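Have a look at the structure below before the remarks.
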Amino acid sequence: MVALKGLTHARSVPAVIETLLEVPTWRAFDVDGQGRVLAGSDESGTVQLVELAADGTATELTALPGACSGRYLPGERAVVVQHDHDGNERGQLSLLWLDEPLGRPAGLDDLEPLVHDPRHVHRLLDVLPGRVVYATNRRNSVDFDIVIRAVSTGAEEVVYDRGGMVQAVAVSPEARHVAITVPGRPALSDQLLLVDTMPATESERIVELTDAELPARHLRPHWLAGGQTVLVSSDAGADHTSVCAIDVSVDPAEPGRTVLVKDSGHDLLGWPSPDGRMVLVETGEDGASRLVLHDAQSGELLRAVTLPGDGIVSYPLPDPVWAPDSRRVALSYTDPHTPGDVLLLDVDSGRAGPLTDSAAALRGTVSPTAYRVPTPDGEQVPCLVYRPSTADKADTALAGSAVLVVHGGPEAQSRRGFHPVVQGLVAAGHTVVVPNVRGSTGYGKRWYSADDRRRRLDSVADLAAVHEWLPQIGCDPARAALWGGSYGGYMVLAGLAFQPGRWAAGVDIVGISSLVTFLENTADYRRAHREREYGSLTDDRDFLAQASPLSRVDEISAPLFVIHGANDPRVPLTEAQQLVEAVRGRGVECELLVYEDEGHGLSRRANRLDAYPRAIAFLARHLAR
């Protein structure tokens with residue numbers, strides 16, 4: 001059992017799990033010219049805004065009903081706040097002025113409305129002096145337009161309205177050009193566009209910097225100082241992403257492309273400094289982050305960055321953020337022993353010092369070991385395995401049991417962060433296997449494309465391969481369960497339905513039970529985006545039905561625990577309801593928890609404290625020998 005500060009082995013497993021869930025975490029959203037960091041902290045139970053001084057002194061800024069995020073407004077002592085209602089993901093934008101402190105955290109009534117319409121989504125993309133850049137689907141509820149709004153007058157300019165789910169935006173220093181990424185036609189591909197806000201002719205307003213048919217990712221666009229070069233992380237023509245410079249100064253229709261930093265065996269992401277001299281580069285190594293600084297013109301290595309441990313500083317965390325003076329970078333950081341801290345990187349020394357200490361209450365959490373699990377078709381599934389320490393006095397009835405925790409996405413990666421559910425399962429006595437099945441990012445284009453459309457069930461087959469491998473790490477395959485959220489929830493249900501003899505139990509959180517009804521009922525703006533990956537209702541309905549757990553519900557015999565948010569705009573609550581009704585109708589044990597103030601997942605600590613210990617106790621009951 002995990003030993004935590006203030007706890008002993010004699011304390012119950014639920015007490016340990018609750019402690020893991022109660023540890024506050026911190027995330028960095030922005031940093032200003034004075035070295036102050038705008039951070040998010042969930043110490044109150046939901047993520048609220050906090051300002052951290054360079055010495056780590058914290059000032060609470062918001063106390064809103066739900067989670068929020070934000071950015072500093074350049075040139076003003078103010079924050080642009082993005083917030084929604086009970087997890088419905090219809091973000092609204094407000095201003096919080098800091099020049100006259102309230103003396104207490106701000107509530108909704110203390111915010112100045114900036115962009116409000118509760119019927120639609122408003123997503124903060126960038127901040128400029130006196131202006132904010134945001135995406136909204138208010139035109140037709142499906143397509144996202146990009147709008148630049150003047151804060152003082154409310155005047156708005158729509159700079160892009162050509163449709164699609166806008167993913168990333170970078171505005172050039174003089175605000176003349178906007179680089180944006182939108183979904184390309186192949187699954188998990190991005191097209192990079194250049195928008196001229198003052199074109200000579202309308203035909204020159206939007207230029208395609210990359211081909212929409214190109215199966216490639218174009219991530220994290222940023223302008224280098226001078227506004228003539230876009231820095232982007234791309235795997236065009238390669239299996240892994242490199243940091244590339246795209247020169248649009250001569251002919252945007254035929255831009256020059258230079259690979260600035262490359263690693264043929266790993267994915268790279270890059271963030272340039274505001275002065276254009278340096279680029280911070282992250283290398284993804286089997287779920288961990290390695291940071292270095294390079295010269296932004298030559299690509300020459302300048303210095304490595306020292307991190308506190310073997311952890312991560314980007315997805316699923318906010319990206320690193322440079323200070324305006326290019327001397328510091330605010331980092332979000334987590335590793336298996338660190339729930340979530342804010343680091344401030346000194347560029348000259350390469351040292352990233354912590355401003356918070358989320359690990360103060362933790363002792364004895366477990367690090368994973370990386371494995372590659374062979375599959376019958378010759379592939380290898382990357383897995384991270386967390387095991388109870390032999391020194392711990394865990395419940396011997398659970399020794400040898402295994403829980404596979406499957407990530408969502410599917411275009412995502414399980415990384416070496418702090419996962420309280422994983423650590424809680426280990427504390428209970430399970431071995432936890434975290435696979436990055438085919439379709440996962442972080443292992444190259446070939447791997448993340450290996451489950452597209454009609455290859456969907458190939459990723460489910462990877463679960464069976466991991467199950468076959470469990471005896472090699474001392475686990476009993478007869479006492480193995482599945483746990484997953486969102487697409488991971490689909491994988492749980494698919495494992496139980498398509499591999500009914502293998503799994504002893506499952507925990508499904510906001511999962512898809514039918515790919516058909518999911519696509520029919522998800523938010524309009526998400527349907528077009530997700531059909532690229534899963535297949536379309538028009539062309540692939542028969543296969544989507546065949547690949548749906550609901551179509552094989554008669555095969556599900558393992559007990560099931562289902563968790564869902566009532567306001568989920570991505571995977572509607574009906575996905576859980578129809579499955580639970582069908583499973584219970586066959587006399588199979590199936591528990592359903594629905595949270596009225598949640599959306600896609602559980603964002604409130606009170607709900608996590610209710611749901612996760614119950615789910616872990618459910619698994620203990622069904623996996624004990």
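The values are calculated or read from the model by the stated rules, or taken from the named source; none is laboratory data. Because the structure is predicted, anything quoted here is derived from the model rather than measured. Note that we place each Cβ from the backbone using ideal geometry, even for glycine, and neighbour counts take in every protein chain shown. Surface areas here come from the heavy atoms of the whole protein model, side chains and all, with no ligands, DNA or RNA. Shrake-Rupley method; radii C 1.70, N 1.55, O 1.52, S 1.80 Å.
3J(HN,Hα) couplings calculated from phi for region 164-169 with the Karplus curve 6.51 cos²θ - 1.76 cosθ + 1.60 (θ = phi - 60°) are, in sequence order, x, 9, 4, 10, 9, 9 Hz; Gly and Pro show x.
Computed from phi, the 3J(HN,Hα) profile of region 88-101 under the Karplus parametrisation 6.51, -1.76, 1.60 (θ = phi - 60°) reads 7, 6, 8, x, 10, 10, 9, 10, 10, 7, 10, 6, 10, x Hz, with x in place of Gly and Pro. With distances taken between every two different alpha-carbon atoms, the chain has a Kirkwood hydrodynamic radius of 25.2 Å. Every pair of different Cα atoms in region 512-625 enters the Kirkwood calculation, which places the hydrodynamic radius at 15.4 Å. Can you classify region 223-360 as rounded, prolate or oblate using the Cα gyration tensor, where a ≥ b ≥ c are the square roots of its eigenvalues, rounded means a/c under 1.5, and otherwise it's prolate if a/b beats b/c and oblate if not? Note, shape of region 223-360 comes out prolate. Computed with a 1.4 Å probe on the full set of protein chains, the accessible area for S152 sits at about 110 Å². Specify whether the C-alpha gyration tensor of region 212-287 places it in the rounded, prolate or oblate class, a ≥ b ≥ c being the square roots of the eigenvalues: rounded for a/c under 1.5, otherwise prolate if a/b is larger than b/c and oblate if not. Here region 212-287 falls in the oblate category.
For T57, the accessible surface of its heavy atoms amounts to roughly 80 Å² (probe 1.4 Å, protein chains only, rounded to the nearest 10). Compute the Cα gyration tensor for region 57-176, then decide on rounded, prolate or oblate, letting a ≥ b ≥ c be the square roots of its eigenvalues: rounded whenever a/c is under 1.5, prolate when a/b is larger than b/c in the other cases, and oblate in all that remain. It comes out oblate by the Cα gyration axes.
Of the trypsin sites (Lys or Arg not before Pro) found in region 320-408, the ones in coil according to DSSP and having at most 14 other Cβ atoms within 10 Å of their Cβ are R363, K393.
Share of the chain's accessible area from carbon and sulfur, percent, 1.4 Å? Heavy-atom surface of the chain belonging to carbon and sulfur, 1.4 Å probe: 48 percent. By a 1.4 Å probe calculation restricted to protein chains, I473 has an accessible surface near 10 Å², given to the nearest 10. Per-residue accessible area (protein heavy atoms, 1.4 Å probe) orders M198, M165 as M198, M165, starting from the largest. Restricting the calculation to Cα atoms, region 157-256 shows an Rg/Rh of 0.94 when the hydrodynamic-style radius is the Kirkwood one. In this structure the chain gives 38 Å² per residue of accessible area when probed at 1.4 Å with all protein chains present. Can you give me the C-alpha center-to-center distance between region 259-295 and region 540-609, rounded to a whole angstrom? With region 259-295 and region 540-609 each reduced to a Cα centre, they are spaced 39 Å. Computed across region 331-421, the Kirkwood radius stands at 16.2 Å (inverse of mean 1/r, all Cα pairs). Using C-alpha pairs under 8 Å with a sequence gap of at least 6, the mean separation divided by the residue count of region 392-469 gives a relative contact order of 29 percent.
For region 187-259, applying the loop criterion from DSSP together with a ceiling of 16 other beta carbons within 10 Å to the trypsin sites (Lys or Arg not before Pro) yields R205.
Take every pair of alpha-carbon atoms less than 8 Å apart whose residues are at least six positions apart; their mean separation over the length of the chain yields a relative contact order of 11 percent.
Shape summary of region 389-503, radius of gyration then Dmax from alpha carbon positions: 14.3, 46 Å. Take the alpha carbon atoms of region 66-80, find their center, do the same for region 100-179, and report the distance between the two centers in whole angstrom. So the two Cα centres are separated by 12 Å.
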